[in-house]
Structures are given as C-alpha cells and as structure tokens.
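What follows is a short report on a single structure.
Each reported figure results from applying straightforward, stated rules to the coordinates on display, with no laboratory input. Please read these numbers as outputs of a predicted model, since none were measured by experiment. FYI the Cβ positions are ideal-geometry reconstructions off the backbone, even for glycines, and counts take in every protein chain you see.
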Amino acid sequence: MSTGILEVANAKINLSLKVRGRLPNGYHQLESLVVFAEVADRVICKDADRLSLEMSGPFAENLASDEDNLILRAARVFAAALGRDPTLVFELQKNLPIASGIGGGSADAAAALRAMMRLWGDPPGSILNIALQLGADVPVCMRKRPSFMTGVGENVRTVPRLPEINAVLANPGIAVSTQAVFERLQAAPVEAPDRLPLLPGVETLDRLLTWLHENGNDLEAPALAIEPVIGTVLKGLKETAGCRLARMSGSGATCFALYDNPFDAADAAAELSKAHADWWVTATKFRSS
C-alpha cells in the first residue's frame, strides 16, 4: 500500500448478541458485548481529483467497488457534512472475508471516517451520527474498544478491564445475509425500552466465560438453519485442544473459539487449517482496551 493516511480496520467480534425485539421501523433492538481482533483490513486515504477506491488483498476480488461500497458511501456522507466534494482516493487491503459476521464492511467504513477526520478535520455535529447513517455496527467500530452496544447500535459504552483473550476465527468460505438471518429469527416487537445490561466484574477469562455461558448469540440458531455448515465449524472448534468456548459471531458465518494462551490458539488454528484447507482460519488476540 502506498503512502497516505493509514487506518486499521480491526475485525469486530460479538462475544454475545441478544435481540430484544423488532422496532416499528423494522430495525432490531440489540444488546451485544463487542471486542476487536488484531486481524484487520487496512485503509489508506489521500486527497485526489475525484472519488475512487482501489482494492487488494485475499478477499478483494469478492468485493464490488461499486457506488454502494461502504467506504465510498462514508466519503460522500462525510464530505457532504463539510459542504465539499469527496475528492479522495482510498486504498483497501481486504484481509477479512465478506459478509461474515465480523463487521468487515463496517470496520472499513469506520476506518475511512477516521482517516477523513485526520485529513480534513472534524465534521460539524456528532461523527457517531454520521457513522450510524452507514450501518448499525459503524459507531462501535469507530472506537475499536471493548464495548457494550445497545439500541440499534447508536448506544456504545466502553467496557474496562477485559482480560487478554486468545482466540481462533474460522469461516467456511460462505457469505451469510444478515437480513435473511433476522427474517428467520422472527423477533417479536420490542416490549421494553432500551437499557444498559449489567456486566459484573470480568477481569479474568474464567469470569468472562461464566458470563458468556449465560449470554449467547440469538442469531446463531437461525443462521445454522440457513447454513448448516456453521455447525461443522463450531464442532471443529469445540474439538480442538484447550477450547474454552466456541460461538458464532454476529449473523455468521464466522465463528470463534477462546483459549487460555496463544500456544493453544496457534495449535488449534493449524489443526483446523490442515483439516479444512478451504476455510479461512486464523489465530488472533482480542484487544483488551
């Protein structure tokens, strides 16, 4: 990637995801404990004569660079807020799989917004309002810190003192439609106002795991019904030595497993990669702050 303003777009992982109901506007009210992995896309932004996007990386060919690309949408919305034309060129190194439940597109859009703020300055009003226009996950991706996300994504509260988390991410090479998963869920209408859930002290992995075992991912079952191979991924992760918890992230199909140390995670990733050469598998760490 060439010189310019570089922003790292870390993968977003939903350690938990509760759907509290469907709102009258069709969106869903959520509660999710979100962390960010070290594995990431990379976005470079530079001034130019016109708006354009150049892509590279292992998943670039699967991503359309059309007008609806989230980075280009972010540029147009941000520039409009400043009352100027989006005369920028972006370079995206696409290292994360597409439509995979780890917020790749949202993380890319957030990285583009951060880069434009560094290049052009802050927009009038709240940058988080601009972020929310681009998608429910974009506000939390702006911060890239462990957070509780509630509402439709507009309420983000930083979570302090999470432990170091070693993990493996695995995706079977399929894209899952978030809309299709929510439609399969058939959530009931929201009956209570948005609230901030209670998160007890989770400074150690054991305490965090206790909480996670009681707070799962409501989208896992409907995603499994649409793409049963997700069950194969979860089974493969659970069978690796040292796996403490295996779960799907977001609306899938990427799943994660948690381990006590980086050595168990590395061994598990190597084992899964050998058994499933066509899967995307990586050992990583989740950022604790």
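Any idea what angle helix 70-82 forms with the longest principal axis of the chain, computed on alpha-carbon atoms, 0 to 90 degrees, nearest 10?
With both axes taken from Cα atoms, the answer is about 50 degrees.
Quick one: angle between helix 262-275 and the longest Cα principal axis of the chain, in degrees between 0 and 90, rounded to 10, please.
90
Mind pulling the angle between the C-alpha long axis of helix 229-238 and the longest principal axis of the chain? Nearest 10 degrees, somewhere in 0 to 90.
Its long axis makes an angle of about 60 degrees.
Taking the Cα centre as origin and putting +1 on Lys and Arg beta-carbons and -1 on Asp and Glu beta-carbons, what dipole magnitude results for the chain, to the nearest 20 debye?
560
From the Cα trace of the range 5-158, what convex hull volume per residue do you get, rounded to a whole Å³?
Considering the Cα atoms of the range 5-158, their hull volume per residue is 110 Å³.
Label Ala180 and Arg118 with points 7 Å out from Cα along Cα→Cβ: what is the distance between them in nm?
Each label point is offset 7 Å from its Cα along the Cβ direction, giving 3.7 nm.
Compute for the chain: radius of gyration divided by Kirkwood radius, i.e. Rg/Rh, restricted to C-alpha atoms, rounded to two decimals.
Radius of gyration over Kirkwood radius for the chain works out to 0.96.
Rounded to the nearest 500, what is the chain's calculated 222 nm mean residue ellipticity when only DSSP H runs of at least 4 contribute -39500 (n - 2.57) each, over all residues?
Result for the chain, helices only: -9500 deg cm²/dmol.
Report the relative contact order of the range 165-286, percent, no decimals, based on alpha-carbon pairs under 8 angstrom and at least 6 residues apart.
44
Among Lys144/Lys285; Lys12/Lys285; Lys238/Lys274; Lys12/Lys94; Lys12/Lys238; Lys235/Lys274, which pairs are too far apart, with a Cα-Cα distance over 18 Å?
Over 18 Å apart, Cα to Cα: Lys12/Lys238.
For the range 95-203, which GluC sites (Glu not before Pro) pass both filters: DSSP loop (anything but H, G, I, E, B) and at most 16 other C-beta atoms within 10 Å?
Of the GluC sites (Glu not before Pro), the ones in loops of the range 95-203 whose Cβ has at most 16 other Cβ atoms within 10 Å are Glu154, Glu164, Glu191, Glu203.
Over 10 Å intervals from 0, what percent of Cα-Cα pairs in the range 106-215 sits in each interval?
11, 30, 38, 20, 1
Determine, for Cys255, Cys243, Cys141, Cys45, the number of other Cβ atoms within 10 Å of each Cβ, and report the residues in order from fewest to most.
Going from least to most buried by this count: Cys243, Cys45, Cys255, Cys141.
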